[in-house]
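Everything below concerns the one structure shown next.
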Amino acid sequence: QVQLVESGGGLVQAGGSLRLSCAASGRTLSTYAMGWFRQAPGKEREFVVAISGTGITTYYPDSVKGRFTISRGNAKNTVYLQMNDLKPEDTAVYYCAAALTVSTAKSQPAYWGQGTQVTVSS
């Protein structure tokens, strides 16, 4: 079992930056592919980014490519999401997720955090 806890959300003006963290307990994250998802009010949950267990491979949809960066912490039990040039449409609850493969990390992760709110004002 993997427990995930996100932090780092908050209120930021458009064009600003935030870094989200996802800390794990229960098992080391180095064996898991990780993903971030987001859900805005009234919308379905949306895939944001994923990283392979080795950290070598990452996936970004066009909506965040060039602005968001996922990385793994040196301690291997933390994953970060650096978000730059934030836009009002990035406003959502952001969820960290873990999966055994990067394919499932992008679509149907087995483990989820509780989410952290990101609000971008115009």
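The values are calculated or read from the model by the stated rules, or taken from the named source; none is laboratory data. No experiment lies behind these values; they were computed from the predicted model shown. Ideal geometry is used to build each Cβ from the backbone, glycine not excepted, and the neighbour counts take in all protein chains shown. In case anyone asks, the SASA skips ligands and DNA or RNA and just uses the protein heavy atoms, side chains included. Shrake-Rupley method; radii C 1.70, N 1.55, O 1.52, S 1.80 Å.
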Matching residues in the stretch 49-73 - criterion: being surrounded by fewer than 18 Cβ atoms within 10 Å (Cβ to Cβ) and among the basic types (Lys, Arg): Lys65, Arg67
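So, Ala14, is that one over 14 Å from Thr116 (Cβ atoms), touching a residue at least 12 places away in the same chain (Cβ under 8 Å), open to solvent by less than 20 Å² (accessible area, probe 1.4 Å) and small (Gly, Ala, Ser) or not? If you could, list the steps in order and put the result at the bottom.
Numbers: over 14 Å from Thr116 (Cβ atoms): yes; touching a residue at least 12 places away in the same chain (Cβ under 8 Å): yes; open to solvent by less than 20 Å² (accessible area, probe 1.4 Å): no; small (Gly, Ala, Ser): yes.
No, not satisfied.
Test Ala40 against the criterion of being among the aliphatic types (A, V, I, L, M) and exposed (fewer than 15 other Cβ atoms within 10 Å of the Cβ), and give yes or no.
Numbers: among the aliphatic types (A, V, I, L, M): yes; exposed (fewer than 15 other Cβ atoms within 10 Å of the Cβ): yes.
Criteria met by Ala40.
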Among the listed residues Thr78, Thr104, Thr69, identify the single one that is within 24 Å of Leu11 (Cβ to Cβ), among the β-branched types (Val, Ile, Thr) and in contact (Cβ under 8 Å) with a residue 40 or more places away in the chain. Thr78
